[in-house]
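The values are calculated or read from the model by the stated rules, or taken from the named source; none is laboratory data. Since the structure is predicted, the reported quantities are computational estimates derived from the model, not experimental observations. FYI the Cβ positions are ideal-geometry reconstructions off the backbone, even for glycines, and counts take in every protein chain you see. Ligands, DNA and RNA are excluded from the accessible area calculation, which covers all protein heavy atoms including side chains. Shrake-Rupley method; radii C 1.70, N 1.55, O 1.52, S 1.80 Å.
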Amino acid sequence: EEVASPRSYKYLLSFVGSVRFHTPGYSMGVRQAVWRQKLWAEPDMRIVSAGIPDYLTAVPRAHFCLHTEGNGWGARVVDYMAMECLPLIVNDGMIFPYANILNWDTFSIHLRKRQVPQIAPILRNVSSAVQERMHAAQRRHKRAFVWWRPDGLAYEYTLAALGQRVLSLGLTTP
């Protein structure tokens, strides 16, 4: 049984990064839509667009951290896993890393872009018990996203995911 991490959460949701109003295509408009919802004004949310002043302190103090579409699935979700912030993934078609060997629903929430206006009520309706289960699942899988040794298992998870992909395609050795 996974032991709960002794931490104090200050935020329900965090996103510390550029909204990029001048390049809305970067996040498929998700970052801009989140900003327009004025989540930055909510006292239990840390949404910052002016650079990254406190990324390393805000992320571990939040239950959920926003991950949007961009150029692929990005390194941000790796940070969230390593710092034990549950990913709130908002996109309409991303394929998650290790999707064929990990059940992302156990440690993240996935919303579509049209659901951006409901982010606050959706997160506020996730019970403490569910959040605790999600954090426990995240702690079980976080090593899959860490490359450095001795704790990281990203290499092994990558091989396992590739092996499963080879089997699913029916490829065999000659």
> Which order, highest average first, do 30-42, 114-126 follow once you tally other Cβ atoms within 10 Å for each residue and take the mean per peptide?
Replying inline: 30-42, 114-126
> Rounded to the nearest whole Å², what accessible area per residue is found for region 1-158 with the 1.4 Å probe?
Replying inline: 51 Å²
>> Students sometimes get this wrong: rank GLU69, GLU132 by accessible area, probe 1.4 Å, all chains present, largest first.
In response: GLU132, GLU69
>> Cross-link candidates for LYS142: which lysines have Cα within less than 24 Å, leaving aside residues fewer than 8 places away along the same chain?
In response: LYS10
> What fraction of the Cα pairs in region 40-141, stated in percent, has a spacing above 24 angstrom?
Replying inline: 18 percent
> Do the sum for the chain: with -39,500 (n - 2.57) for every DSSP H run of n ≥ 4, divided by all residues, what is the mean residue ellipticity at 222 nm, to the nearest 500 deg cm²/dmol?
Replying inline: -8500 deg cm²/dmol
> Percent relative contact order of the chain, based on C-alpha pairs within less than 8 angstrom and at least six residues apart?
Replying inline: 21 percent
> Which order do LEU171, LEU66 take by accessible area at a 1.4 Å probe, largest first?
Replying inline: LEU171, LEU66
>> So, taking all protein chains as they sit and a 1.4 Å probe, how much accessible area belongs to ASP79, in Å² rounded to tens?
In response: 50 Å²
>> Nearest 10 degrees is fine. How inclined is helix 128-141 to the longest principal axis of the chain, computing both from alpha carbons?
In response: 40 degrees
>> Nearest 10 degrees is fine. How inclined is helix 154-168 to the longest principal axis of the chain, computing both from alpha carbons?
In response: 60 degrees
>> Order 142-149, 11-18 from most to least packed using the mean count of other Cβ atoms within 10 Å.
In response: 11-18, 142-149
> When the solvent-accessible surface of protein heavy atoms is calculated with a 1.4 angstrom probe, in what order do MET94, MET28 fall, highest first?
Replying inline: MET28, MET94
